[in-house]
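All remarks here apply to the structure that follows.
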Ligand SMILES: C[S@@+](CC[C@H](N)C(=O)[O-])C[C@H]1O[C@@H](n2cnc3c(N)ncnc32)[C@H](O)[C@@H]1O
């Protein structure tokens, strides 16, 4: 079974959605109710059609019985596309304007950062490279979490990464911090960069959040499919996990609506600063 026997997508019946949602919750802890319902229903019906499965109940049975099917479905849901220095102008702003100020104000010898939804590691490794450029003697720690265990395996190995994932990375960073694998067009990240990043499983919707902890949090292209309420809850919790003056870096096409209610101040596109606890 799996994609490859397409039939036209059909509208999902309410029972279909519930059957898949319940199976997924029990098997993985992912709750489809946290996601934008209409988008999710469209994606689910397209996936069922690609799998050639008629009903939600039949698909739920498949998820219980065939672990590979569950893996494929989880990958489809989580969409783990990523690349180095993604949305270059935003990274340039971070590199030249934000990082120097964060390094100056951190009060420690280095930065403490968290990449939420780090996928295959391109995002936290980009940050690690910039920190090594800007403050090579600093003691930097980057925590990187994701719910996709397959992506975390590649991230922990430092690659390999293909040319498509490296397109936006400035060439001086690529030359300094990547090395060829010797096979095809693939590259891996050098150990000096890997040492800064600690990868672990983490679900941003379920894990307990610290407060007043990080200088910088990256949560980019992770919440796009969540409902507006869940999105606001996630950004609110991440804001509180920052130390005063800490910065939240979101995706190139993302904005935080009512950011001031979360105690954030707008710095530049995709960049917000934690100022104060919001009044209740
Ligand atoms: C589109 S990728 C973005 C990767 C990277 N942040 C970037 O912008 O290039 C989204 C990632 O978020 C992860 N993700 C989705 N839901 C998550 C959750 N609840 N907790 C943690 N990670 C999640 C997915 O597994 C996927 O790897």
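Take residue 88 and decide whether it is within 29 Å of residue 177 (Cα to Cα), surrounded by 14 or more Cβ atoms within 10 Å (Cβ to Cβ) and in contact (Cβ under 8 Å) with a residue 40 or more places away in the chain.
Considered against the rule, which asks whether it is within 29 Å of residue 177 (Cα to Cα), surrounded by 14 or more Cβ atoms within 10 Å (Cβ to Cβ) and in contact (Cβ under 8 Å) with a residue 40 or more places away in the chain, residue 88 comes out as yes.
Quick grid of which residues meet (1) more than 16 Å from the chain's Cα centre (by Cα); (2) more than 10 Å from the ligand (Cβ to nearest atom); (3) more than 25 Å from residue 128 (Cα to Cα); (4) buried (at least 18 other Cβ atoms within 10 Å of the Cβ):
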position	(1), (2), (3), (4)
227	yes, yes, yes, no
231	no, yes, yes, yes
235	no, yes, no, yes
255	no, yes, no, no
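Show me the helices (runs of 4 or more DSSP H) found entirely inside the stretch 132-206 where at least 1 residues are free of Cβ contacts under 8 Å to residues at least 24 places away in the same chain.
149-157, 163-166, 171-177
Looking at the stretch 18-106, what helices (runs of 4 or more DSSP H) fall wholly within it and have at least 1 residues that are within 16 Å of the ligand (Cβ to nearest atom)?
37-51, 67-78, 88-93
Would you please name the residue that is nearest to the ligand (Cβ to nearest atom), looking only at residues in the stretch 107-130 that are out of contact with any strand residue (DSSP E or B) (no Cβ under 8 Å at 6 or more places or on another chain) and assigned to a helix (DSSP H, G or I)?
The selected residue is 126.
Every number here is computed from the coordinates shown, using simple stated rules; none is lab data. The structure presented is a predicted model; accordingly, all values stated were derived computationally and were not measured. Neighbour counts run over all protein chains shown; Cβ positions are idealised from the backbone, glycine included.
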